[in-house]
Amino acid sequence: MSVKINGKLLNVFKKPTVIDKETNKPKEPEYAVQLLSEIRLKNSDEIKNELIDIKIKSDSVAKYKIMIGKDVDITVSTFSKSPIYLSEI
């Protein structure tokens with residue numbers, strides 16, 4: 001399943017290095033973006049700002065760095081060990 005998330009791109013960053021437990025060697029670096037997204041609260045006209053971290057591919061870092069400060073749409077795939085509940089907006 002894919003979902004489109006929109007918001008203001010605040011940051012692009014490299015995640016801390018992870019060591020593989022089996023090989024005891026560092027894994028490939030991982031990168032993420034931070035979006036500030038506005039979410040309209042149910043039964044209200046109030047807006048809640050939420051900071052969302054989204055993992056990105058290393059070859060996308062340069063593309064997102066030039067968009068810092070701008071509103072962006074990012075299509076993401078979803079995965080979870082727990083159920084995901086979706087509701088119509």
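The values are calculated or read from the model by the stated rules, or taken from the named source; none is laboratory data. Bear in mind that the values here come from a model prediction, so they are computed numbers and not experimental data. Reconstructed Cβ throughout: ideal geometry from the backbone, glycine too, with neighbour counts over all protein chains shown.
Annotation note: of Val3, Val18, the sole residue that is modelled with pLDDT under 95, in contact with a Pro (Cβ under 9 Å, 6 or more places away or on another chain) and among the aliphatic types (A, V, I, L, M) is Val18.
Return yes or no: is Thr23 of a type in the set (Ser, Thr, Tyr), part of a loop (DSSP other than H, G, I, E, B) and surrounded by 10 or more Cβ atoms within 10 Å (Cβ to Cβ)? Answer is no for this residue. Yes or no: Glu28 surrounded by fewer than 11 Cβ atoms within 10 Å (Cβ to Cβ), under 28 Å from Ile66 (Cβ atoms) and either in contact with a strand residue (DSSP E or B) (Cβ under 8 Å, 6 or more places away or on another chain) or not hydroxyl-bearing (Ser, Thr, Tyr) (or both)? Against the criterion (surrounded by fewer than 11 Cβ atoms within 10 Å (Cβ to Cβ), under 28 Å from Ile66 (Cβ atoms) and either in contact with a strand residue (DSSP E or B) (Cβ under 8 Å, 6 or more places away or on another chain) or not hydroxyl-bearing (Ser, Thr, Tyr) (or both)), Glu28 qualifies.
The residue that is farthest from Phe13 (Cα to Cα), among those in region 42-89 that are part of a loop (DSSP other than H, G, I, E, B) and modelled with pLDDT of 90 or more, is Glu46.
For region 26-41, enumerate the residues that are assigned to a strand (DSSP E or B) and over 23 Å from Val3 (Cβ atoms).
Here is the first cut: in region 26-41, the residues assigned to a strand (DSSP E or B) are 26, 31-40.
Selection gives Pro26 alone.
Tell me whether region 35-58 contains one or more residues that are touching a Lys or Arg at 6+ places or on another chain (Cβ under 6 Å) and surrounded by 12 or more Cβ atoms within 10 Å (Cβ to Cβ). Looking for residues that are touching a Lys or Arg at 6+ places or on another chain (Cβ under 6 Å) and surrounded by 12 or more Cβ atoms within 10 Å (Cβ to Cβ), one finds at least one in region 35-58, hence yes. The residue pairs whose first member lies in region 20-42 and is of a type in the set (Lys, Arg), whose second member is part of a loop (DSSP other than H, G, I, E, B), and whose beta carbons are closer than 7 Å, counting only pairs six or more residues apart or on different chains, are Lys27/Val18; Lys27/Asp20.
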